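Data block below; observations after.
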Amino acid sequence: MRLSLRQLQIFAAVARSENVSRAAEVLYLSQSAVSSALLDLERQFDCPLFDRLGKSLRINGMGRGLLPKAEDLLARAAEVEGFLSGGVLEPLALGATLTIGNYLAPLVVAEYLRRHPESRVDLRVSNTLNVLQSLARCELDLGLIEGEANDSDVVLEPWLEDELVVFCAPSHVLAGTGAVSSKTLAAQAWIVREQGSGTRALFDRAVAQPLGCLNIRLQLQHTEAIKRAVESGLGLSCLSRLSLREAFRRGSLVEIPTPQFDLSRHFYFASHRQRHVGAAVRTFIALCREWSGTARDTDELALPFLL
């Protein structure tokens, strides 16, 4: 075979960063060794994989087509290597959207590492759009997202049911008034998530669109910042019930019933259609499902094995 795993590893590292020096740092190689291996691969098959613009590299169509196939082979090789070295699971690169990443994923990852202490996990927390883009670039093995994906290369598998909740500060005029009319809600100031988040996409579709023109007073990227802003009396917001449970328990925030809106949704496992589902991914998903099954039985969104 003319092709080596090392060549594919170097190609994938350069493709992810589009920078030879950063790829060399990741692989603990010299820049000249990385450049030479990449050129050898292209010359070997007479197939450029990057467009070279001065000193910069931009992956081309052929390179984008090769990347998921290369990542698939590398994932399989890592799985074999782990098996031969004593059953150690291959490194796991996870992406999680902000609600999941802040309230669920760290707990599942902690239990995963407790059960598999020789394993390594890289958890990156961002909004749905960024997680999906990282999946498309083959930078992640698995995404945990709260929005939907329209990319044909991304496979979604339902995980947990969730819902958004409209809420306010206890001192707000709407606190404790029961269900509120759409007309009243449309007249309020709102603090919302940024564009590109799954929470914002559902809010726009289920709340903003039927209410018409909203007074969006503040747009923030992080749920905790939004909660603090609402506690300060700046307006209403709409976030996952998961992120609000403790605040509702303390009484620092108050739910506003909105039966006129359908705010239900799913959390999903997201993966690249062309990438191999390795043992680490399968083990992590099984752990997530183990927890979610127990959570439904106890009606508690907390990991039973950490209680």
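The values are calculated or read from the model by the stated rules, or taken from the named source; none is laboratory data. No experiment lies behind these values; they were computed from the predicted model shown. Using ideal geometry, Cβ is built from the backbone for each residue, glycine included, and neighbour counts are taken over all protein chains shown.
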**OP:** Run down 89, 57 and say which single residue is farther than 20 Å from residue 275 by Cβ, hydrophobic (A, V, I, L, M, F, W, C) and either assigned by TED's automatic domain parsing to the domain that holds residue 225 or not in a helix (DSSP H, G or I) (or both).
**Re:** 57
Original post:
How about the stretch 1-31: which of its residues are of a type in the set (D, E, K, R) and either under 13 Å from residue 63 (Cα atoms) or modelled with pLDDT under 85 (or both)?
Top reply: 2, 16, 18
**OP:** Would you be able to say whether some residue in the stretch 75-93 is of a type in the set (Phe, Trp, Tyr) and in contact with a strand residue (DSSP E or B) (Cβ under 9 Å, 6 or more places away or on another chain)?
**Re:** no
Original post:
Quick check: anything in the stretch 117-139 in the same structural domain as residue 10 (by TED's automatic domain parsing), touching a residue at least 60 places away in the same chain (Cβ under 8 Å) and surrounded by fewer than 22 Cβ atoms within 10 Å (Cβ to Cβ)?
Top reply: no
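Within the stretch 230-238, does at least one residue satisfy the condition of being loosely packed, with under 15 Cβ neighbours inside 10 Å and not in a helix (DSSP H, G or I)?
The first filter runs over the stretch 230-238 and keeps only residues loosely packed, with under 15 Cβ neighbours inside 10 Å, leaving 232-233.
When the remaining residues are screened for being not in a helix (DSSP H, G or I), the result is 232-233.
Scanning the stretch 230-238, I find at least one residue that is loosely packed, with under 15 Cβ neighbours inside 10 Å and not in a helix (DSSP H, G or I), so the answer is yes.
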Original post:
Name the pairs: first residue in the stretch 164-190 and on the phi > 0 side of the Ramachandran plot, second residue loosely packed, with under 14 Cβ neighbours inside 10 Å and not polar (S, T, N, Q), Cβ to Cβ under 9 Å, at least 6 apart or on different chains?
Top reply: 176/170; 178/257
Original post:
Just wondering, is there one or more residues in the stretch 26-33 that are touching a residue at least 40 places away in the same chain (Cβ under 8 Å), outside the structural domain of residue 277 (by TED's automatic domain parsing) and out of contact with any helix residue (DSSP H, G or I) (no Cβ under 6 Å at 6 or more places or on another chain)?
Top reply: no
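Could you say which residue among 289, 296, 275, 282 is in contact with a Cys (Cβ under 7 Å, 6 or more places away or on another chain), modelled with pLDDT under 95 and either in the same structural domain as residue 170 (by TED's automatic domain parsing) or over 30 Å from residue 177 (Cβ atoms) (or both)?
Values: 289 fails: in contact with a Cys (Cβ under 7 Å, 6 or more places away or on another chain); 296 fails: in contact with a Cys (Cβ under 7 Å, 6 or more places away or on another chain); 282 fails: in contact with a Cys (Cβ under 7 Å, 6 or more places away or on another chain).
Criteria check complete, one pass: 275.
If only one of 37, 75 is over 28 Å from the mean Cα position of the chain (by Cα), within 25 Å of residue 274 (Cα to Cα) and crowded, with 17+ Cβ neighbours inside 10 Å, which one is it? Before you say what the answer is, go through the steps one by one.
Numbers: 75 fails: over 28 Å from the mean Cα position of the chain (by Cα).
Being over 28 Å from the mean Cα position of the chain (by Cα), within 25 Å of residue 274 (Cα to Cα) and crowded, with 17+ Cβ neighbours inside 10 Å holds for just one of 37, 75, which is 37.
A quick yes/no check of all residues on (1) touching a helix residue (DSSP H, G or I) at 6+ places or on another chain (Cβ under 8 Å); (2) not charged (D, E, K, R):
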{"position": "69", "(1), (2)": "no, no"}
{"position": "99", "(1), (2)": "yes, yes"}
{"position": "113", "(1), (2)": "no, yes"}
{"position": "125", "(1), (2)": "yes, yes"}
{"position": "129", "(1), (2)": "no, yes"}
{"position": "139", "(1), (2)": "yes, no"}
{"position": "149", "(1), (2)": "yes, yes"}
{"position": "176", "(1), (2)": "no, yes"}
**OP:** Just name the residue that is modelled with the highest pLDDT out of those in the stretch 40-54 that are loosely packed, with under 12 Cβ neighbours inside 10 Å and either under 21 Å from residue 137 (Cα atoms) or assigned by TED's automatic domain parsing to the domain that holds residue 279 (or both).
**Re:** 52
